[in-house]
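Asks: Have a look at the structure that comes next, please.
None of the figures in this text is laboratory data; all of them are computed from the coordinates on show. This structure is a prediction, so every number in the text was calculated from the model and none was measured. When we count neighbours, we look across all protein chains shown, and the Cβ atoms used for this are built from the backbone with ideal geometry, even at glycine.
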């Protein structure tokens, strides 16, 4: 029986979970830090914000039990929860992007994103990675279509994504719920394993935001450049601009 796109996504997640010691390609990761919230490094990226009710539910169902075991890690507040769709520039203390490049990316996204179909992430499988813990979002090839179109477009305007990935054809979503401040204990990892299949919800993706933020998307670090509605989203404008006004 042919593998589905979700089967391929699960295989990629397993490679990432195994880490570089398993001989896998090493992707770009956020290293363990002591203070994520005050981190002055910034990235340029496109994301999907989680609805407030869904984010609050994830906090209660997943984050609260983990924080009760090891409260010293960085746990994402509901306002910071998101799924990254397409990175443009990874976090760096001197931003690796200019205002002119932001404008070019914005114009590109206005041209590409409204031509692509909305899709739905199935949020499930809580997974512990080497430096973080995340709820994985699986979906169909519509994610692949929009990511590859944006990748190609970014290269064409000279602002290619500088992040390294395990695959350039298989993509998945994730809601990072925790970033470690030290190596997690066995008790913490056992709790992650117990919670792995206890939560499952759907996240419709209809609007993407282009933002500047630090490594944990802390609201105080966040600047929204613009937003873009995918095709056939009734009642929404195709794009809009805050240009560094509101943080959400």
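Asks: Shape verdict for region 85-179, please, from the Cα gyration tensor: rounded (a/c under 1.5), prolate (a/b greater than b/c) or oblate.
Replies: oblate
Asks: Going by alpha carbons, how many degrees (0 to 90, nearest 10) lie between the helix axis of 5-18 and the longest principal axis of the chain?
Replies: The two axes meet at around 50 degrees.
Asks: To continue, here is another question. Between residue 189 and residue 231, what length in nm is gained on full extension when 0.36 nm per residue of separation is reduced by their alpha carbon distance?
Replies: So the extension gain works out to 11.1 nm.
Asks: Would you please state which residues of region 53-86 a label at residue 182 would reach in this model, taking the label point 7 Å out along Cα→Cβ and a backbone N cut-off of under 15 Å?
Replies: Output list for this probe position: 69-74.
Asks: Which whole-angstrom value gives the distance between the alpha carbon centres of region 104-147 and region 153-197?
Replies: Spelled out, the Cα-based centre of one part sits 12 Å from the other.
Asks: Of the listed peptides 49-56, 143-150, what is their order by residue-averaged count of other C-beta atoms within 10 Å, with the highest listed first?
Replies: Descending mean neighbour count gives 143-150, 49-56.
Asks: Compute the Cα gyration tensor for region 1-136, then decide on rounded, prolate or oblate, letting a ≥ b ≥ c be the square roots of its eigenvalues: rounded whenever a/c is under 1.5, prolate when a/b is larger than b/c in the other cases, and oblate in all that remain.
Replies: Since a/c stays below 1.5, the shape of region 1-136 is classed as rounded.
Asks: Arrange the peptides 38-44, 156-162 so that the one whose residues have, on average, the most other Cβ atoms within 10 Å appears first.
Replies: Final packing ranking: 38-44, 156-162.
Asks: Based on the mean of other Cβ atoms within 10 Å per residue, sort peptides 109-116, 207-214 so the most packed one is first.
Replies: Order by mean packing, descending: 207-214, 109-116.
Asks: Once both labels are modelled 7 Å past Cα along the beta-carbon direction, what's the residue 72-residue 115 spacing in nm?
Replies: Simple spin-label model gives 5.2 nm for this pair.
Asks: How much length, in nm to one decimal, is gained on full extension between residue 34 and residue 164, taken as 0.36 nm per residue of separation minus their Cα-Cα distance?
Replies: The span from residue 34 to residue 164 would gain 44.4 nm if fully extended.
Asks: Can you tell me the Rg and Dmax of region 148-210, counting just the alpha carbons, in angstroms?
Replies: Computed over the Cα atoms of region 148-210, radius of gyration and Dmax are 17.0, 48 Å.
Asks: Go ahead and estimate [θ] at 222 nm for the chain from helices alone: -39,500 (n - 2.57) per DSSP H run with n ≥ 4, summed, over the residue count, rounded to 500.
Replies: Helix contribution divided over all residues of the chain: -8000 deg cm²/dmol.
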